[in-house]
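First up is the structure itself, then whatever we jot down about it.
Bear in mind these aren't lab numbers, they're just calculated from the coordinates by the rules spelled out. Bear in mind that the values here come from a model prediction, so they are computed numbers and not experimental data. So basically every Cβ, Gly included, is an ideal-geometry build from the backbone, and we count neighbours across all protein chains shown.
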Amino acid sequence: MNKIAKSLAMIAFVAAIAVGATSSFFSDEEKSVGNTFTAGVVDIVVDGQNPWHMSTPYKLEDMKPSFTKYIKFTVRNLVNSNPINLWKHIKITDQSDGVITEPECEEGGGTWVWDNTNETGKCEDSYVPRNNLAAYIIYDMWVCDVTAGANLCTTELNTDKPTGDNWIPIIKEEQNVRLNWVNCNQAVC
């Protein structure tokens, strides 16, 4: 019994020393004077407009297999004091199958019927329109670092495809990100 009492007394003594030593580390106080906090400026300009007013929505019309179309925005901070984080939100407002051809008809569960008289075909029976082209369009996104000079960010003639060393891929074509994955991804539409 005496050994137990001595052991408990020793544990209490060690605990008291540990608490005393630890509290001494947290009891110091220092004051700093003369500090200044200054807010940086972020004033975004999109396609030379501030505020940006998109007069007409961008449309991807008459898309066919293997077509590539680029939409280019020029976004910059009006006062170059701070970097910006930019999010792009895509809202798909309409998709339609358009003119139905034989492959689309069969894929949609219909029957393709050829009319020899008019040399045309039409889709009949139980064809169900898919209206989901965005599930097949591969989406990529690039940004251009203009800190080394604005003329280093160029695009190919008539395509706006990024060329040059200053273009940085954010989403690469090889990642196979589909347009419908990007649609309303971060916001409620």
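In terms of its C-alpha gyration tensor, the stretch 51-135 comes out prolate, because a/c is 1.5 or above and the ratio a/b outweighs b/c. Normalising the average separation of contacting C-alpha pairs (under 8 angstrom, six or more residues apart) by the number of residues puts the relative contact order of the stretch 38-116 at 34 percent.
Each Lys or Arg adds one and each Asp or Glu takes one away; over the other residues whose Cβ falls under 11 Å from the Cβ of I100, this sums to -4.
Checking the Cα-Cα distances for K69/K91; K72/K122; K122/K172 against a 28 Å cut-off, the pairs over it are K72/K122; K122/K172.
Which of the peptides 124-130, 113-119, 47-53 is most tightly packed, and how do the rest follow, judged by the mean count of other Cβ atoms within 10 Å per residue?
Peptide ranking by packing, descending: 124-130, 47-53, 113-119.
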